[in-house]
Amino acid sequence: MSADERAALQQRLGARYGEGSSIRQLAGEEGLSYGFVHRLLSEGGTALRGRGGSTRRRAAS
């Protein structure tokens, strides 16, 4: 993969990630590994979201 192709992929995946796609979704759709997509997004300066799920506990009744 050339530097230009890598930069274009970073930009495309970063835009899709910003629209709400998960790293796992992007990896599956592009035929890439989770780690590679994560690294591309990180190197491209994309702010990564935290892991899913609620972090708040339900208040005791």
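The values are calculated or read from the model by the stated rules, or taken from the named source; none is laboratory data. Keep in mind that what you see is a predicted model, and the values were worked out from it rather than measured. With ligands, DNA and RNA removed, areas are computed over all heavy atoms of the protein, side chains included. Shrake-Rupley method; radii C 1.70, N 1.55, O 1.52, S 1.80 Å.
Here are the numbers:
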| read-out | value |
| --- | --- |
| Percent carbon-and-sulfur accessible area, the chain, ignoring ligands, DNA and RNA, probe 1.4 Å | 46 |
| For the chain: accessible area per residue (Å², 1.4 Å) | 78 |
